[in-house]
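> Supplied in structure tokens, the structure appears directly below.
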Amino acid sequence: MNTGELSIYLDNAATTRVDDAVVEAMVTVMREDFGNPSSAHRLGIAAARRLEEARAELARALGAEARDVYFTSGGTEANTIAVRGVAERSRGRHLVVSAIEHPSVLDLARRLGEQGFEVTEVAPDANGVIDVEALERAVRPETAVVTLMMVSNELGTVQPVFEAARRVKQVAPRAHFHVDAVQALGKLPLRVGAGPIDSLAVSAHKIHGPKGAGALWLRRGAAVTPLAVGGGQEQGVRPGTQGMPGIVGLGRAATLAVAALPGAREHLTALRERLLAGVGRVMPTVRPTVDPANAAPHIVSLGFPGVAAEPLLHALEAHGVYVSAGSACAARDKRPSHVLRAVGVPDDVGVLRFSFSRHTTAAEIDQALAALTQALRDL
């Protein structure tokens, strides 16, 4: 990296810098309220109090009741508990998923398919949006689980999850409707009661919280088979001693994100428009992979015709700008993205994802555009 350049972080859909207030809350737990929340003594009781305060914070952010929130190690585990935990106890052997789900859902569904379940994958349109009627047609009365991601981590497209849930329930009232809302919390208004969904997953490190902390909201009465057995923590849904620093960090991060949401949405939208206008001047052939009108404001997926994504990513890095090639969730997987394939992006188009946080500035966008201009010249 050229150390003479400023470091501009535009990969916030992969992870975010932990907020100072979140760090402070976590350090207090580690240094003072460090007891095991299952212990009966004073330190345990203090820790249990902090645990329930964090649960209440997250519940308020989701428009939920605290007793319906279960802490996990992250969004992947929350998705797995919901999808596998419901499928394994259901009489139905049919699953419906969108073809652009996060790998923690799509790969899990395919694995369940290898174990005897029948899986229907619903393709998106060219803008990465799942047609509600197509999803409804895929559902059967015996369908066990339907999953739909609220905001695509690669494209930023927003799915009509609550309308989809209403339509699904008309065909299969007993089907469990799960929503991966990892990229939605803190970016879009989110209330679990807005439609007849049954579970919803969130993650801390996408909203300026710590890695290794997430949660599953589970509609009361919805039953899941736990992935593990142990001491019965989290009402048995996710047993094991709770990771208190991460949980407290998630609660605080969710509170801060929701409080900042009104101004943040306007700010993120302005950053997106600034980036798109600037890229159009730098390289007129560059196009968003999907219509930004259908996307959350913090994610911009851009296709560069005839330019390989990874060299361009590293050329930007050399100028101090950090972005992703598609998504950071595949752990340097060199295979073509299933999401980009699903929306018809040609293999000769390199795709970079620029993603912002509420702390990203207009000046950083301008500096990133200057770096992009130079990176394209370098290549």
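Please treat every number below as a calculation from the coordinates, not as lab data. The structure presented is a predicted model; accordingly, all values stated were derived computationally and were not measured. Positions of Cβ are generated from backbone atoms using ideal geometry, with glycine treated the same way; all protein chains shown enter the neighbour counts.
> What number comes out for the charge environment of D131, summing +1 per Lys or Arg and -1 per Asp or Glu over other residues with Cβ under 12 Å away? Provide the component values of the computation, followed by the final result.
On the way: positive: R137, R167; negative: D125, E133, E136, E163.
Spelling it out: positives minus negatives among the neighbours equals -2.
> With N set to the residue count of the range 75-128, report its C-alpha Rg divided by 2.2 N^0.38 Å to two decimal places. If you can, show how the numbers build up before the last one.
Numbers: Rg = 11.3 Å, N = 54, 2.2 N^0.38 = 10.0 Å.
Its radius of gyration relative to the 2.2 N^0.38 Å reference: 1.13.
> Another question, if that's okay. Give me the percent of DSSP beta bridges within the chain that run antiparallel, rounded to the nearest 5.
Values: 21 of 42 bridges.
Among the beta bridges of the chain, antiparallel pairing accounts for roughly 50 percent.
> With N set to the number of residues, divide the alpha-carbon radius of gyration of the range 83-173 by 2.2 N^0.38 Å and report two decimals. Can you show the working numbers first?
Values: Rg = 12.3 Å, N = 91, 2.2 N^0.38 = 12.2 Å.
Dividing the Cα Rg of the range 83-173 by 2.2 N^0.38 Å gives 1.01.
> Ok, one more. Taking θ as phi - 60°, what are the ³J(HN,Hα) couplings along the range 86-98 by the Karplus curve (6.51, -1.76, 1.60), each to the nearest whole Hz, with x for Gly and Pro?
Ordered by residue, 3J(HN,Hα) equals 7, 4, 6, 10, 8, 6, x, 10, 10, 10, 10, 9, 7 Hz.
> What is the sum of charges around I207, taking Lys and Arg as +1, Asp and Glu as -1, for the other residues whose C-beta is under 15 Å from the C-beta of I207?
Values: positive: R17, R60, K187, K206, K211, R252, R265, R358; negative: D11, D19, D20, E57, D180.
Around I207, the charge tally is +3.
> Now for a different question. Do you know the relative contact order of the chain, to the nearest whole percent, from alpha carbon pairs under 8 angstrom that are 6+ apart?
24
> Shape of the chain from its Cα gyration tensor (a ≥ b ≥ c, root eigenvalues): rounded if a/c is under 1.5, otherwise prolate when a/b > b/c, or oblate?
On the way: a/c = 2.03, a/b = 1.24, b/c = 1.64.
Cα axes put the chain in the oblate bin.
> Could you work out the local net charge near L216, counting Lys and Arg as +1, Asp and Glu as -1, over the other residues with Cβ closer than 10 Å to its Cβ? Walk me through the intermediate numbers first.
On the way: positive: R238; negative: D68, E77, E234.
Residues close to L216 contribute a combined charge of -2.
> Which value in deg cm²/dmol, rounded to the nearest 500, describes the helix-derived mean residue ellipticity at 222 nm for the chain, given -39,500 (n - 2.57) per DSSP H run of n ≥ 4 and division by the residue count?
Details: 10 runs with 147 residues, N = 379.
So the calculated ellipticity at 222 nm is -12500 deg cm²/dmol.
> Non-local amide H neighbours of F304 (under 5 Å, H modeled in plane, Pro and chain starts lacking H): which ones?
When sequence neighbours closer than 5 places are left aside, the close amide H contacts are G350, V351, L352.
> Please give me, ordered by residue number, the GluC sites (Glu not before Pro) of the range 228-307 that lie in loop per DSSP and have at most 10 other Cβ atoms within 10 Å.
Working: sites: E234, E266, E273; in loops: none.
Sparse-neighbourhood loop GluC sites (Glu not before Pro): none present.
> Still on this structure: Post the alpha-carbon centroid distance, the range 18-71 to the range 86-103, in whole angstrom.
Spelled out, the Cα-based centre of one part sits 32 Å from the other.
> Rounded if a/c is under 1.5, else prolate if a/b beats b/c, else oblate: with a ≥ b ≥ c from the C-alpha gyration tensor eigenvalues square-rooted, which is the range 272-379?
rounded
> How far is the Cα center of the range 254-309 from the Cα center of the range 169-242, in Å?
28
> Mind listing P(r) for the range 8-103? All alpha-carbon pairs, 10 Å bins, whole percents.
12, 28, 34, 19, 7, 0
> Now for a separate question. Whole-Hz ³J(HN,Hα) for each residue in the range 344-350, computed from phi via Karplus 6.51 cos²θ - 1.76 cosθ + 1.60 with θ = phi - 60°, x for glycine and proline: what do you get?
Per residue, the Karplus-derived 3J(HN,Hα) values read x, 6, x, 5, 8, 9, x Hz.
> For the range 183-277, compute Rh as the Kirkwood radius over C-alpha pairs and then the Stokes-Einstein diffusion coefficient at 25 °C and 0.890 mPa s; write the answer in µm²/s, rounded to an integer. Before the final figure, lay out the partial values.
Values: Rh = 15.3 Å.
The diffusion coefficient I find is 160 µm²/s.
> Which residues' amide hydrogens lie under 5 Å from the amide hydrogen of D291, considering only partners 5 or more residues apart or on another chain, with H built in the peptide plane?
Result for D291 returns nothing.
> What list of ³J(HN,Hα) values in whole Hz, one per residue of the range 279-290 in order, does the Karplus curve 6.51 cos²θ - 1.76 cosθ + 1.60 (θ = phi - 60°) give from phi, with Gly and Pro shown as x?
Result, ordered by residue: 5, x, 6, 5, 8, x, 7, 6, 9, x, 6, 9 Hz.
> What Rg and what Dmax come out for the range 1-64 when only alpha-carbon atoms are used, in angstroms?
17.5, 55
> Using modelled backbone amide H atoms (1.01 Å from N, in-plane), which distant-in-sequence or interchain residues come within less than 5 Å of V119's amide H?
L95
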